[in-house]
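The values are calculated or read from the model by the stated rules, or taken from the named source; none is laboratory data. Predicted, not measured: the structure shown is a model, and the values here were computed from it. Ideal geometry is used to build each Cβ from the backbone, glycine not excepted, and the neighbour counts take in all protein chains shown. Quick note on the areas: whole protein, heavy atoms, side chains included, nothing else; ligands and nucleic acids left out. Shrake-Rupley method; radii C 1.70, N 1.55, O 1.52, S 1.80 Å.
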Amino acid sequence: MTGFRYSKSEQKRRIPGKNIRKYYEELIVMKGLNRTLIIGSVLLIAGVVWGLTMNGIGMIEWILLLLGMMLGIVAGMIQGWVLLLNKRGQIGSGKRTFWIVGTLIVLVALKVTINIAFPTYIATSGSGIWLSVVFAVGGLLLGRSYFHSSSSVERKRKIS
């Protein structure tokens, strides 16, 4: 039988209840990260599948969708950073709200500007616009999960 075995001194030091508690504490800390990351990933996968089933999407449209996703990731990272600063007590709730709403307004303004500058199928059809929104929101959630993982590392340090 091959497998990991504890030495005699490690077996004496191990307390089963403590290890299980620590495992569940780490699981609770990572729960929010997993939820945000999974929802963002599912949105992007659904967007890719939906885009592949649409007939009018060419190379330019895919590049524009990736650009929208990257804008969403940047906006999500800014929002995650602001939420992290708020948790640390470095900014108040007014500034937090200002930054979160401001990043959403800038994201929407940039997406509208891109759709006006490049009138492609995704900018002119109703389903193409919704596909663009799915990519932007998926990117936003992925970006937000990046800073959520940084704050969970800090919480892990506080727990142990």
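Side notes on the structure shown:
- At a probe radius of 1.4 angstrom, the accessible area of the range 60-133 per residue rounds to 58 square angstrom.
- With the convex hull drawn over the C-alpha atoms of the range 32-154, the volume per residue is 89 Å³.
- Sulfur and carbon atoms: percent of accessible area, the range 51-152 [1.4 Å]: 75
- Estimated inter-spin distance, V49 and V108, nm [label 7 Å along Cα→Cβ]: 2.9
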